[in-house]
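Let me begin by presenting the structure, written as structure tokens, before commenting on it.
Nothing in this text is a laboratory measurement; each read-out follows from the coordinates by a stated rule. Every value quoted in this text rests on a predicted model; they were computed, and no experiment measured them. A quick note on method: Cβ atoms are made from the backbone with ideal geometry, for glycine too, and the neighbour counts reach across all protein chains shown.
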Amino acid sequence: MANAVEIKNVSMRFNMAKEKVDSIKEYIIKFFKRQLLFEEFMALSDINIDIEQGEVFGLIGLNGCGKSTLLKIISGIYKPSTGSVKVNGTIAPLIELGAGFDMDLTARENIYLNGSVLGYSKQYIDEKFDEIVDFTELHQFLDVPMKNYSSGMVARVGFAIATITKPDILIVDEILAVGDFLFQEKCEKRINELMSGGTTVIIVSHSIDQITRLCDRVAWIESGKIKMIGKADEICALYANSAK
Amino acid sequence: MKYFQTFIKYKYLLSNLIGRDIKVKYRRSILGILWSVLNPLLMMLVLSAVFSALFGMGGRFGGLNVPFNIYYLTGATIYNFISEATSTSMMSVYSASQLIKKVYIPKYIFPLEKCLFSFVNMLFSLIAVFLVMIFSGVDFHLTMFLMPVPILYALIFSIGMSFMLSALTVFFRDIIHLYGVFLTAWMYATPIIYPIGILESRPKLMFLMKFNPMFHYVEYFRSVTIYGAIPNLKDNLICLAFSFGMLIIGVLIFKNRQDKFVLYM
């Protein structure tokens with residue numbers, strides 16, 4: 001089977017400036033004093049992962065180990081310092097839901113705005129509008145500015161918009177932690193639906209249960225390197241034990 | 001080809017952002033978009049009052065063969081367009097950092113959007129130009145149909161400059177403050193509030209003026225709108241060279257740096 005995502009020798013290096021240089025004057029002074037020292041920080045080093053089409057792939061690891069950086073590289077937000085990422089198909093990133101919501105606008109306006117951020121056409125959003133609203137169950141709040149929404153409500157709208165298309169690859173970053181349990185179940189159901197339709201899913205979560213339940217394979221990332229990669233239940237068991 | 005496809009894909013985002021900008025700009029104002037017409041008119045009244053009352057120079061001076069009102073307004077239309085487009089674009093990439101850090105969007109959308117938004121504003125302020133032309137009795141010439149030409153030249157120039165400025169602003173925020181001063185200097189360096197005639201006795205300044213792209217766009221615009229003259233091939237080539245030269249520089253600078261934006265936000 002063809003690979004949906006091929007990650008080859010990917011490294012990501014951040015320049016962590018010890019002091020933030022924000023102005024030309026500071027920059028010149030620091031340059032001549034030779035104080036422009038950057039601490040290099042390898043967020044990821046030499047990552048190799050092939051994710052097959054239709055697979056549900058999990059990423060686990062402690063905070064700051066580079067999981068989210070890897071997701072951002074896959075979805076094209078970051079360019080890796082070295083190495084390459086090949087993605088076959090369309091991506092729907094659920095990295096931070098509601099990116100690009102303008103809180104002064106109403107939910108109705110935001111559905112169009114956020115939809116266009118994700119690259120949908122107006123025609124497509126028009127078609128799917130009712131379906132999106134039905135999924136959020138927020139009919140009566142549709143024309144309320146979103147600044148008056150609770151974070152759970154915002155997440156509902158964000159999730160509904162992002163999953164309305166049938167992407168080839170779905171990227172999910174700990175977004176299921178918000179919302180009430182009914183909505184979480186609903187989200188999981190929607191993800192399961194997408195999966196059964198052959199969509200590749202990449203999930204980051206701190207909930208080991210969720211990962212074990214949903215994923216086929218898992219990569220355990222520790223300080224920017226792959227520690228282990230393999231069957232979900234095996235890796236998750238080892239990961240859970242290591243914490244004890 | 002690939003670039004073209006992504007542009008088509010995000011075309012709706014572009015129009016959506018322009019729509020939002022218009023909505024936000026005129027929120028809670030009664031006259032709304034009418035301000036795009038009123039603003040240049042009021043500015044013109046102030047300047048005319050200053051020049052005629054304070055300096056006693058009346059409606060025409062410095063060899064002007066058109067009333068000062070319309071002379072100023074035509075120049076200011078082009079200048080305001082370029083200055084608004086570039087100075088709002090400048091912050092556009094940086095202000096969109098929340099978005100750029102979270103989803104993949106072609107980043108050139110942001111400066112392009114600001115330029116097009118200013119372009120829409122400028123189209124409204126053309127109404128002011130027509131109104132003043134009627135009231136101050138300036139003849140309408142057939143050359144008016146050429147008006148889109150200098151406007152397009154100015155648009156291409158603004159887009160190029162906006163690409164350059166918005167990319168550099170991500171790395172050095174100082175540019176924002178510097179550019180405000182630069183814009184004021186640029187206004188005085190261009191014959192907008194003074195007639196070009198007063199420079200005729202100063203050959204050196206006249207020579208320098210040839211390197212000011214704003215001068216060429218402003219003069220081109222005045223030629224077709226109020227002088228009823230068709231600029232010759234040389235004028236067109238100069239404008240084209242400035243516009244596309246700036247566009248190429250801007251695109252190159254933007255393209256080389258755009259992958260690093262996200263690390264500096």
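Values computed for the structure shown
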| quantity | calculated |
| --- | --- |
| Exposure proxy ranking, count of Cβ atoms within 10 Å, fewest first, for B:R257, B:R202 | B:R202, B:R257 |
| Computed over chain A: relative contact order in percent, which uses C-alpha pairs under 8 Å that are six or more apart | 27 |
| Inter-part distance where the stretch B:159-178 and the stretch B:3-28 are each reduced to a Cα centre, Å | 21 |
| Burial ordering of A:I169, B:I175, fewest other beta-carbon atoms within 10 Å first | B:I175, A:I169 |
| Whole-angstrom gap from the stretch A:130-206 to the stretch B:82-140, using each part's C-alpha centre | 35 |
| For chain A, built as a Gaussian network whose Cα springs stay under 10 Å, the top-fluctuating residue of A:I91, A:I77, A:I24 | A:I24 |
| Nearby lysines by direct alpha-carbon distance to A:K72 (threshold 23 angstrom, same-chain neighbours under 8 apart not counted) | A:K8, A:K86, A:K166, A:K225, A:K227, B:K2, B:K9, B:K101, B:K102, B:K107, B:K255, B:K260 |
| Net charge dipole size for the stretch B:35-264 [Lys, Arg +1 and Asp, Glu -1 on Cβ; Debye, nearest 20] | 600 |
| Folded to 0 to 90 degrees: helix B:213-222 orientation relative to chain B principal axis, Cα | 50 |
| Average partner coverage of B:8-20, which counts Cβ from other chains inside 10 Å | 5 |
| Pairwise centroid distance, computed over Cα atoms, of the stretch B:181-244 with the stretch A:103-122, Å | 42 |
| Aspartates and glutamates whose Cα lies under 19 Å from that of B:K210, excluding same-chain neighbours fewer than 8 positions away | B:E200, B:E219, B:D235 |
| Exposure proxy order (Cβ contacts within 10 Å, fewest to most) of B:F211, B:F182 | B:F211, B:F182 |
| Rounded to 10°, Cα long-axis angle of helix B:68-95 versus longest principal axis of chain B | 10 |
| Rounded tilt (10° steps) of B:109-135 against the dominant C-alpha axis of chain B | 20 |
| Sequence-distant aspartates and glutamates (8 or more away, or on other chains) whose Cα lies within less than 17 Å of A:K67 | A:E6, A:D46, A:D50, A:E96, A:D173, A:E174, A:E222 |
